[in-house]
Amino acid sequence: MVITSNPKQLAFSVKEDNLHIILQEQISLKEALEILNKDYGCDRLTVQSAGTVDGLFLRGKLFDFVDIVVSPILIGGKDTSALIDGQSLKSSFVKLS
């Protein structure tokens, strides 16, 4: 599944039965999830991403629950993405219920 706002996305040139593309004028994760449910029957989704996308899902209140898997290799440093990136959660507390 590819969600894009780019009508020239290279994925449009790929012809595979298992590739589905959602084209949005402006990316909306909530709207994309609604399309996945309505058009594709998807009622559960696993998000395996990094801090920026995790932060978008969290701030959009789009997670029902979170499982954190720690890989056998840790990568870090001041310029490395965190589990949840974006605006400080202390300054914009998000309640998940």
Next on the checklist: Given the condition in contact with a Gly (Cβ under 9 Å, 6 or more places away or on another chain), at pLDDT 85 or above, surrounded by fewer than 13 Cβ atoms within 10 Å (Cβ to Cβ) and not β-branched (Val, Ile, Thr), answer yes or no: does some residue in region 48-67 qualify?
Outcome noted: no
Checklist entry - Of the residues in region 32-55, how many are in a helix (DSSP H, G or I) and over 22 Å from Gln9 (Cα atoms)? => result 5
Checklist entry - Just a yes or no: is a residue in region 14-31 assigned to a helix (DSSP H, G or I), among the basic types (Lys, Arg), closer than 27 Å to Ile68 by Cα and under 16 Å from the mean Cα position of the chain (by Cα)? => result yes
Checklist entry - Name the pairs: first residue in region 14-40 and in the same structural domain as Gly60 (by TED's automatic domain parsing), second residue part of a loop (DSSP other than H, G, I, E, B), Cβ to Cβ under 8 Å, at least 6 apart or on different chains? => result none
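The values are calculated or read from the model by the stated rules, or taken from the named source; none is laboratory data. All values derive from a computational prediction rather than experimental measurement. Heads up, the Cβs are rebuilt from the backbone with ideal geometry, glycines too, and the neighbour counts pull from every protein chain shown.
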